[in-house]
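A quick write-up on the structure given underneath.
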Amino acid sequence: MEEVTWYDVFIENLYEKCSKKSQLAQELMDLLCIEREAVYRRLRKEVVFPVHEMVKIASEWGISLDEIVGINSGQVPFRLQPINYFNPSKKEMGNMQKRIRAVEYFSTLPDSEHMEVCNKIPKSISTGSLLFYRFKIFNWTSLYNNDDTYKRFSDIILPEKVREEIERYSIAIKSVANSSFILDNMVLEHLIRNIQYFHSILLITDEEKELLRKELHVLLDYLLEIANNGCYPETQNKVNLYISQLNIDTNYSYYYSEQMKSCLVQAFGKFDIASYDSDMVNNFRAWMNIKKRATIQISEVNEKFRIEFFTQQRQIVDTL
């Protein structure tokens, strides 16, 4: 019975990584260099993946060893999968594609639910603007780059394959059935302060600062349209926008449906630390919804506060 339990957990992890059985079989054939029938026998549990194959799959697909063997240690595994956005390795690119394909599949589920609590512009919104996404990478590089060199904003050029994946994510996330965002009431002030700093040390030019200012106004127009209508304009899928009255320490989020669950905490301003533990995701979901108590909803309701909030944000942007 114990062996069946841990192997069931392992197989479930495989299907979470790749929801289509035919695609999963092909990827396992390519990775393990075995025949299709041998893959299907393993997936049907007629035979067990040998240890060396399980370790290889875990390493390539970022599956936790705790999740593979089902260790009941009382500790919840979180995983960090960094990526070099300028020159991603084949493995890094593969991990990025798997995560985005998972979001694409998640967005097709009728009960899909996504929520972010943010002290920065949420990734679901910022990926719609390549300029902002470049600034996000530039900001991270300036703060955490391992060498002593400073890149200018103009040096931040993302490879075409990375831009394509960002575009796919931006499209998929707007197809989620129900999305909610709790924004720090100083979310744009943090961003403006960063832009001003990098401009002051000549890493951002006057022209680039002006482009960012204009793009921020475009972003505010987009957020206002969402707040007025309570949905994404591209897909008409439900969006709830809230403004937190308390400071938010970092960005964190969850994806929730009966079929797929995950929660994420942002680390070092760019990477996500993820967990797929059902109990932890359920806790995240409960905790994050409790935070609504200290918020003001601005989507579809509270028109007076909504107008005041966006007027204030435009004034902040114009300080650039």
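What follows is calculated from the coordinates using simple rules that are stated; it is not laboratory data. What you see is a predicted model, and the numbers here were worked out from it, not measured in a lab. Glycine gets a Cβ as well: all are built from the backbone with ideal geometry, and neighbour counts include every protein chain shown.
Candidate cross-link partners of Lys91 among the lysines, defined by an alpha-carbon separation under 17 Å and a same-chain spacing of 8 or more, comprise Lys17, Lys56, Lys161.
Positive end of the dipole of the chain (Cβ unit charges, origin at the Cα centre): among Ile125, Ile248, Val162, the Cα lying farthest that way belongs to Ile125. Adding -39500 (n - 2.57) for every DSSP H run of four residues or longer, then dividing by how many residues the chain holds, sets the calculated 222 nm ellipticity at -16500 deg cm²/dmol. First select every other residue whose beta carbon is under 14 angstrom from the beta carbon of Val239; then total the charges, Lys and Arg +1, Asp and Glu -1. With Lys, Arg at +1 and Asp, Glu at -1, the neighbours total -2. Net charge dipole, the chain: roughly 220 debye, given to the nearest 20, about the Cα centre with Cβ charges of +1 for Lys and Arg and -1 for Asp and Glu. Looking at (1) 21.4, 67; (2) 34.6, 135; (3) 19.9, 62, which value of Rg and Dmax of the Cα atoms in Å comes from a calculation on the structure shown? Structure-derived value, by its label: (1). Across the chain, the relative contact order, built from alpha-carbon pairs under 8 Å that are at least six residues apart, equals 20 percent. Within the shell of other residues whose beta carbon sits under 12 angstrom from the beta carbon of His114, the net charge comes to +2, with Lys and Arg scored +1 and Asp and Glu -1. Its Kirkwood hydrodynamic radius, worked out from the mean inverse distance over all distinct Cα pairs, puts region 244-320 at 14.9 Å. Shape analysis of region 201-280 based on the Cα gyration tensor places the equivalent ellipsoid semi-axes at 29, 21, 12 Å, largest first. Between Lys98, Lys214, Lys304, the GNM of the chain built on Cα springs shorter than 10 angstrom shows Lys304 fluctuating the most. Here the Karplus curve 6.51 cos²θ - 1.76 cosθ + 1.60, taken at θ = phi - 60°, turns the phi angles of region 239-253 into couplings of 9, 10, 10, 10, 10, 6, 8, 10, 5, 10, 7, 7, 8, 8, 7 Hz, with x standing for Gly and Pro. Full extension of the chain between Asn289 and Gln245 yields a length gain of 14.4 nm, computed as 0.36 nm times the residue separation minus the alpha carbon distance. Amide H contacts of Ser299 (H built 1.01 Å from N, in plane; Pro and chain starts excluded): Leu241 sit under 5 Å, all sequence-distant by 5 or more or on other chains.
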